[in-house]
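Colleague: To start, I am sharing the structure in question, which I have written as structure tokens.
The values are calculated or read from the model by the stated rules, or taken from the named source; none is laboratory data. Just so we're clear, the structure is a prediction, and the values are computed from it rather than from any experiment. Cβ sites come from the backbone with ideal geometry, for glycine too, and all protein chains shown count toward neighbours.
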Amino acid sequence: MSHDPTTTERPPVREMDADGSHDAGFFFIGANHHTAPLELREKLALTEKKIPAFQARLAAISGLREVVVLNTCNRVEIYGFAETPAAAARIEEDFCAFQDFPEHVFRDIRQHATGRNAIQHLLEVASGLNSQMLGETEILGQVKDAYADAQARRTTGPVLNRIFQKAFQYAKHVRTNTAITAGQVSIASVAVDLAQKIFGGLDRSRILLVGAGEISKKTAKAFQSRGAGALTVSSRTLERAMALARDLGATALPFEHVAAHLSDYDIVVCSTAAPGAVITRADADAAMRKRRSQPLFFIDLALPRDVEPSVAGIENVFIYNLDDLARIAEKNRAAREGEVARAREILREKSALLWTQISANA
Amino acid sequence: MTEILTDRSWLWIAAALYSGGFLFATVSLIRSKRHSNSFMFFIMAAGFLVQTFGLYLRGRAAGGCPIGNTFEILQFTTWSATALYFIVGPVFRLSLLGYFTAVFSAATSITSLVVPSWDAVRRAGQFGGGAWIEFHAALALFSYGVFGLLALTSVMYLLQWFSIKRQQMGGLFSFLPPMRALDQINIRLLATGSALLGASIPVGLVHWMGNAGYNANSSMFFLAAIWLVYTVLLILRLTNILLARRLAWASIILFAVAIFSLGTVSSHPAPRPVATAAQQP
């Protein structure tokens, strides 16, 4: 599950049913990162092993005709269609009992909505508007998986089928017609985006990671997720470089050979804790003489910086440091924030239309 | 309808369609939205077909390839560049190439149409009237279309280079293709243009040697010089002596020189007033 430290918490979903009463019909109930801190979400999360047992328990609730359980690192939400208010209320009790979670605590952190508000919530979740990392696209896949799982268990019917299928369609519509997913909002993803702007597909690009810490690992994973193939890790401690290389399926390079082999790489990600520059102007000059007309991209994530600032003056060398990347990520995040109101308005129209259709057919 | 509309009218419609493509893409970019490639392709294809028809009418009236004055040469070069966009764009999936081609096609088409003196006279058999020399001229002008497209992709390369080096993201920059892809397409366009222009020179020489009256002093030597410079650029780039950015600058400057000097090609001493297709019997 992705988590981006540069993003801020979003306000709780609006238009929830404030009195906590349960109505029949389409509803959702659950808790997510807006309402529950991590330590509570950990206790609420359903492990893969527990999901089948919980689904079986839900199936036994009288009057609950259809149900989908959405379980991610940031949310546990149950979407259902109930014949009676009692059926919807039973879910809350059963869930708390199943997770051995105090009911009164759950009441403080839960979100609950019915009818059009519940549809609006689902549309916002599927579109990434409700995500911790605003506009992220992973959530749509998770909602699709939850729906597919429910279909496989035969717990969906005409109401949830229609609502979920429309939710996927509307989520795509919002992404296409607003800038809610535009730009990258994490440092590592911004760095990978920039590398792609220079080199295009990363499958043929050679990447050197100088530093074997957590930042290096995160950035490497971001590169791998976009098809990067040839990764090499170097660290002042060779054992650490080898350990990370094993983890990533990469190769290790002794730190003292970095300067000599710099010309072999297209992208160099630096994140050491060295007190001074690791890559000097002379190193970069020598590398560029060997690379001739091939560009070289430095991603300097270290503090203090690993790459001498004067390296930026070399023709065909591109260099981005932590501040540069953070500035782009922040700009992208602000651009996404600016689109939230428009995206919500589109979804409000869609949810109203969908609710009208469902009410008419009910 | 060909009785009602002259060839120039069709070429005006084509220019309007290219301008429509340019305006549509500009509005999309201002709204920070990627424009619809299929709509862009459709509007450019419509402009291209209309332009083809306009040039066909002009060619039928002239009794040869419509490259008899500055207006026709610019129209033919625009037509060549647009034709190449339909090959290069889909094959190499270069986003924004349609936009830049629309800018180029609209600008050159309209410019050629709004200067009346460029189409006031038309040289009958500008290149001597022979099949060889017509073939030579068509090849040379088609290569100009390739170099025109090369100038456009070079502009795209320089914009992308600027955006990354100077950390200017967003807007138009966010839709530009990767630098490496643009460099590769630049090399291929340069090779194609050089080959076409290179092939046109011996074809022209064949005619020149058999027609002492044809004034080849300026045009042939100029074309040979242009070809030589482009070929040297290609060799330098392929041997990695020339950086991609410098190739991009050179391609833009050289194309500007080539287009600016097109007047040297018009050297035949027997101009005649233009007869548009609608006025033909």
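Colleague: More than 10 Å from chain A (Cβ to nearest Cβ), more than 19 Å from the chain's Cα centre (by Cα), surrounded by fewer than 16 Cβ atoms within 10 Å (Cβ to Cβ) and touching a residue at least 12 places away in the same chain (Cβ under 8 Å): does that describe B:Gly204? Before you say what the answer is, go through the steps one by one.
Modeller: Numbers: more than 10 Å from chain A (Cβ to nearest Cβ): yes; more than 19 Å from the chain's Cα centre (by Cα): yes; surrounded by fewer than 16 Cβ atoms within 10 Å (Cβ to Cβ): no; touching a residue at least 12 places away in the same chain (Cβ under 8 Å): yes.
Criteria not met by B:Gly204.
Colleague: Next up: Can A:His112 be described as assigned to a helix (DSSP H, G or I) and crowded, with 22+ Cβ neighbours inside 10 Å? Show your work before the answer.
Modeller: Details: assigned to a helix (DSSP H, G or I): no; crowded, with 22+ Cβ neighbours inside 10 Å: yes.
Spelling it out, it is not the case that A:His112 is assigned to a helix (DSSP H, G or I) and crowded, with 22+ Cβ neighbours inside 10 Å.
Colleague: A:Glu337 versus (1) in contact with a helix residue (DSSP H, G or I) (Cβ under 9 Å, 6 or more places away or on another chain); (2) in contact (Cβ under 8 Å) with a residue 40 or more places away in the chain: which is the lone unmet condition?
Modeller: (1)
Colleague: Among (1) touching a helix residue (DSSP H, G or I) at 6+ places or on another chain (Cβ under 7 Å); (2) more than 14 Å from chain B (Cβ to nearest Cβ), there is one condition A:Pro275 misses while meeting the rest; what is its number?
Modeller: (1) is the only condition that A:Pro275 fails.
Colleague: Moving to a separate point now. Sort through B:Leu49, B:Leu57 and tell me the only one that's part of a helix (DSSP H, G or I) and over 18 Å from the mean Cα position of the chain (by Cα).
Modeller: The match here is B:Leu57.
Colleague: In the stretch A:310-328, how many are in contact with a Lys or Arg (Cβ under 9 Å, 6 or more places away or on another chain), facing chain B (nearest Cβ under 9 Å) and touching a residue at least 60 places away in the same chain (Cβ under 8 Å)?
Modeller: 1
Colleague: Which pairs do you get when a residue that is in the same structural domain as A:Ala59 (by TED's automatic domain parsing), found in the stretch A:80-100, comes within reach of a residue that is of a type in the set (Asp, Glu) and crowded, with 16+ Cβ neighbours inside 10 Å, reach meaning Cβ atoms under 8 angstrom, with the pair 6+ apart or on two chains?
Modeller: A:Gly80/A:Glu66; A:Phe81/A:Glu66; A:Pro85/A:Asp23; A:Ala88/A:Asp23
Colleague: Something else: Mind checking which residues of the stretch A:175-215 are more than 14 Å from chain B (Cβ to nearest Cβ) and without any contact (Cβ under 8 Å) to a residue 60 or more places away in the chain? Before the answer, list the steps.
Modeller: Start the filter on the stretch A:175-215 by keeping residues that are more than 14 Å from chain B (Cβ to nearest Cβ), which leaves A:186-188, A:207-215.
Those that are more than 14 Å from chain B (Cβ to nearest Cβ) and without any contact (Cβ under 8 Å) to a residue 60 or more places away in the chain: A:Ala188, A:Ala212, A:Glu214.
Colleague: Examine the stretch A:164-174 for a residue that is within 14 Å of chain B (Cβ to nearest Cβ) and surrounded by 23 or more Cβ atoms within 10 Å (Cβ to Cβ), and state whether such a residue exists.
Modeller: We begin by selecting, within the stretch A:164-174, every residue within 14 Å of chain B (Cβ to nearest Cβ); these are A:173-174.
Now drop any that are not surrounded by 23 or more Cβ atoms within 10 Å (Cβ to Cβ), which leaves A:174.
Yes; the residues of the stretch A:164-174 include at least one that is within 14 Å of chain B (Cβ to nearest Cβ) and surrounded by 23 or more Cβ atoms within 10 Å (Cβ to Cβ).
Colleague: Consider A:Gly141 against the criteria (1) touching a residue at least 40 places away in the same chain (Cβ under 8 Å); (2) within 22 Å of A:Pro52 (Cα to Cα): it satisfies all of them except one. Which criterion is unmet?
Modeller: (1)
Colleague: Can you name every residue in the stretch A:123-141 that is in contact with a His (Cβ under 8 Å, 6 or more places away or on another chain) and more than 17 Å from A:Ile346 (Cα to Cα)?
Modeller: Keep residues of the stretch A:123-141 that are in contact with a His (Cβ under 8 Å, 6 or more places away or on another chain), which gives A:130, A:132-133.
A:Gln132, A:Met133, listed by residue number.
Colleague: Out of B:Leu159, B:Leu113, B:Leu152, B:Leu141, I need the residue that is touching a Phe, Trp or Tyr at 6+ places or on another chain (Cβ under 7 Å), away from chain A (no Cβ under 14 Å) and surrounded by fewer than 22 Cβ atoms within 10 Å (Cβ to Cβ). Which one? Working first, answer last.
Modeller: On the way: B:Leu159 fails: away from chain A (no Cβ under 14 Å); B:Leu152 fails: surrounded by fewer than 22 Cβ atoms within 10 Å (Cβ to Cβ); B:Leu141 fails: surrounded by fewer than 22 Cβ atoms within 10 Å (Cβ to Cβ).
Only one candidate qualifies: B:Leu113.
Colleague: Restricting to the stretch B:162-181, what's the tally of residues that are more than 9 Å from chain A (Cβ to nearest Cβ) and in contact (Cβ under 8 Å) with a residue 24 or more places away in the chain?
Modeller: Counting residues in the stretch B:162-181 that are more than 9 Å from chain A (Cβ to nearest Cβ) and in contact (Cβ under 8 Å) with a residue 24 or more places away in the chain gives 3.
Colleague: Any residue at all in the stretch A:44-56 that is on the phi < 0 side of the Ramachandran plot and in contact with a His (Cβ under 9 Å, 6 or more places away or on another chain)? Spell out the reasoning first.
Modeller: Restricting attention to the stretch A:44-56, the residues satisfying the condition of being on the phi < 0 side of the Ramachandran plot are A:44-56.
Of the ones still in play, those that are also in contact with a His (Cβ under 9 Å, 6 or more places away or on another chain) are none.
For the stretch A:44-56, residues on the phi < 0 side of the Ramachandran plot and in contact with a His (Cβ under 9 Å, 6 or more places away or on another chain): absent.
Colleague: With the requirement that a residue be over 17 Å from A:Phe27 (Cα atoms) and either assigned by TED's automatic domain parsing to the domain that holds A:Leu160 or of a type in the set (Val, Ile, Thr) (or both), what does the stretch A:342-357 give you?
Modeller: Passing the criteria: only A:Ile346.
Colleague: A:Val105 fails exactly one of the following numbered conditions: (1) at pLDDT below 90; (2) farther than 24 Å from A:Ala167 by Cα. What is the number of that condition?
Modeller: So A:Val105 meets the others, but not (1).
Colleague: Does A:Ser189 satisfy the criteria of being modelled with pLDDT under 95, surrounded by 18 or more Cβ atoms within 10 Å (Cβ to Cβ), over 29 Å from A:Phe318 (Cα atoms) and of a type outside the set (A, V, I, L, M)? It would help to see each step written out before you state the result.
Modeller: Values: modelled with pLDDT under 95: yes; surrounded by 18 or more Cβ atoms within 10 Å (Cβ to Cβ): yes; over 29 Å from A:Phe318 (Cα atoms): no; of a type outside the set (A, V, I, L, M): yes.
Taking the combined requirement at face value, the residue does not satisfy it.
Colleague: Could you check, for the stretch A:330-346, whether at least one of its residues is in a loop (DSSP other than H, G, I, E, B), more than 18 Å from A:Ser234 (Cα to Cα), within 14 Å of chain B (Cβ to nearest Cβ) and not acidic (Asp, Glu)?
Modeller: Step one: list which residues in the stretch A:330-346 are in a loop (DSSP other than H, G, I, E, B), which gives none.
Checked the stretch A:330-346: no residue is in a loop (DSSP other than H, G, I, E, B), more than 18 Å from A:Ser234 (Cα to Cα), within 14 Å of chain B (Cβ to nearest Cβ) and not acidic (Asp, Glu).
Colleague: Got a sec? Which of A:Ala259, A:Ala243 is farther than 30 Å from B:Leu247 by Cβ, touching a residue at least 12 places away in the same chain (Cβ under 8 Å) and out of contact with any strand residue (DSSP E or B) (no Cβ under 7 Å at 6 or more places or on another chain)? So that I can check it myself, show each step before the final result.
Modeller: Working: A:Ala259 fails: farther than 30 Å from B:Leu247 by Cβ.
Being farther than 30 Å from B:Leu247 by Cβ, touching a residue at least 12 places away in the same chain (Cβ under 8 Å) and out of contact with any strand residue (DSSP E or B) (no Cβ under 7 Å at 6 or more places or on another chain) holds for just one of A:Ala259, A:Ala243, which is A:Ala243.
Colleague: Next question. Which pairs have Cβ atoms under 7 Å, sit 6 or more apart or on different chains, and link a residue in the stretch B:245-262 that is farther than 10 Å from B:Ser154 by Cα to one that is at pLDDT 85 or above and of a type in the set (Ser, Thr, Tyr)?
Modeller: B:Leu254/B:Tyr230; B:Ala258/B:Tyr144
Colleague: Let me ask something additional. What about A:Thr156, is it under 30 Å from A:Ala53 (Cα atoms), in a loop (DSSP other than H, G, I, E, B) and touching a residue at least 24 places away in the same chain (Cβ under 8 Å)? Let's see the steps before the verdict.
Modeller: Working: under 30 Å from A:Ala53 (Cα atoms): yes; in a loop (DSSP other than H, G, I, E, B): yes; touching a residue at least 24 places away in the same chain (Cβ under 8 Å): yes.
Here the answer is yes, as A:Thr156 does meet what is asked.
Colleague: Only one of A:Ala302, A:Ala259, A:Ala326 is of a type in the set (Gly, Ala, Ser), in contact with a helix residue (DSSP H, G or I) (Cβ under 9 Å, 6 or more places away or on another chain), more than 21 Å from B:Met179 (Cα to Cα) and buried (at least 17 other Cβ atoms within 10 Å of the Cβ). Can you tell me which? Walk me through how you get there before you give the answer.
Modeller: Numbers: A:Ala259 fails: buried (at least 17 other Cβ atoms within 10 Å of the Cβ); A:Ala326 fails: buried (at least 17 other Cβ atoms within 10 Å of the Cβ).
Being of a type in the set (Gly, Ala, Ser), in contact with a helix residue (DSSP H, G or I) (Cβ under 9 Å, 6 or more places away or on another chain), more than 21 Å from B:Met179 (Cα to Cα) and buried (at least 17 other Cβ atoms within 10 Å of the Cβ) holds for just one of A:Ala302, A:Ala259, A:Ala326, which is A:Ala302.
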